[in-house]
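Novice: Have a look at this one.
Just so it is clear, none of the values below were taken in a lab; they were calculated from the coordinates. This one's a predicted model, so the numbers in the text were calculated from it and none came from an experiment. With ideal geometry, Cβ positions are generated from the backbone for all residues, glycine too; neighbour counts draw on all protein chains shown.
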Amino acid sequence: MSEFDNQRWLPPFKAHLIKQGFKPSTIKRYLSVCQGFLDYLQREGIAVEQVNPPILNVYLQLQVQRYRQRHGHLPRDIRTARHLFDRGITPLLRFVQGRWPPSSQPATRLDRFRQRLCNDYADWLADSRGLSARTIKTHRCYGLQFLTWLGNRAAPEHLAELTIEDIDAYFEAKASCYRRATRANIAFCLRDFLRYLYTQKLIARDLAAAVTSPTVYAMESIPSALKPDDIDTVLDLAKQNRAPVGIRNYAILSLLAHYGLRAGEIVQLRLDDIDWRHDHLHIRQSKLHTEAVLPLLTPVGNALLDYLQNGRPPTAAREVFVRALAPHQPFRTGSSLYGVVARLLTRVGIQAEGRRGPHTFRHARAVSLLRDAVPLTAVSDILGHRSTAHTRIYLKLATEDLRDVALDVPAPEEVAL
């Protein structure tokens, strides 16, 4: 078999698409686009295993030029057109190479040092601090951003010369455009990174104390929450959509509305977590790293059963909720549910203050519990908060009940002198 016999990939790729649940029309379109790309690689003497982003970019530029020759003008939206020309090629490259785009290797000595330093920092955060993977990723990202901004001054021979003026200049250049809470978070991460550099003797003195950040007051903001009527309206709208994606969205909204779960806890929900025999729901509380057992309420159970029977596509995934379009994979993160909720709120004309995603349902659930006179400690346990301090902010939204217990103040003429 020739080294550049790229056509051999089309039959197994077609079988892969069928297994992933793609529609026949989509498979036909993908294979047609990939055929043209493989023909191009054959002419250029490039094996599909060797393709990298620059090679793909050259091919897409050729496609844009051919479009101009054929139609006499460039596509109206170049970015959209390039995406259409690429349709099917990226899945093919991911199927052949296992990962696309391939992870970029550091090209210079300085790049290698920065990457190694940040990887060691991430390991230190995990081993010494026990932080979650998501938090470690955030800390590592800001550390790498800082080193990249330093440029050549981040080299091992110059890093020890880091000064307070460098830190101030970095914040002036990078953090000034962010809102106050984000700047405070960047400052927190940078302090941690500077302490690590000092403990590893990579900088001459501990500069963590030199990092200043804006003051963020506890409970200074009012969380956004939906009214009970708004929740009923959104649920009614979602329930009317009997398409598979509509059945899925209604089940997701039912979990949000009845339990106030975090979006991340919903996307992590697995088939084994639903105990149909005992009507229990096992929830992995993402902030506490513990498992909560909740009663499986009838409306929620019916919505989940409807989705599993009539809306969930065939897939080997053990997560309950998967994407409606092929490949039918689980949602990556809880943020994937933001669009689901925001679109439904827009359709019913609800103008929620602040956030418009899944957390609005969580806030509404917290307020409803407080208005039902559920103790603050119990609400904190239900929502999976580390302490009641995180729950007290919802008291701002339960103002109607506070008015009911306000003292009657006598008029001035009724006051006995």
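Novice: Which value, in debye to the nearest 20, describes the size of the charge dipole of segment 6-97 about its Cα centre when Lys and Arg Cβ atoms bear +1, Asp and Glu Cβ atoms bear -1, and nothing else is charged? Show your work: numbers first, answer last.
Specialist: On the way: 15 positive and 5 negative charges, 79 e Å.
My answer is approximately 380 debye.
Novice: Among His282, His139, His158, which comes first, then next, by fewest other beta-carbon atoms within 10 Å?
Specialist: Listed from fewest to most nearby Cβ atoms, that is His158, His282, His139.
Novice: Karplus couplings for segment 104-117 from phi (6.51 cos²θ - 1.76 cosθ + 1.60, θ = phi - 60°), rounded to Hz, Gly and Pro as x?
Specialist: Calculated HN-Hα couplings, in order: 6, 8, x, 8, 10, 4, 5, 4, 5, 5, 4, 5, 5, 5 Hz.
Novice: Taking the radius of gyration and the Kirkwood hydrodynamic radius from Cα positions alone, what is the Rg/Rh ratio for segment 109-210, to two decimal places? Intermediate results must be reported in sequence, preceding the final value.
Specialist: Details: Rg = 12.9 Å, Rh = 13.8 Å.
Using Cα coordinates only, the ratio equals 0.93.
Novice: What percent does the relative contact order of segment 6-97 come to when contacts are Cα pairs within less than 8 Å and at least six residues apart?
Specialist: 36 percent.
Novice: Tell me the net charge near Arg29. Cut-off is 10 Å between Cβ atoms, Arg29 excluded, with +1 for each Lys or Arg and -1 for each Asp or Glu.
Specialist: My count for the surroundings of Arg29 gives +3.
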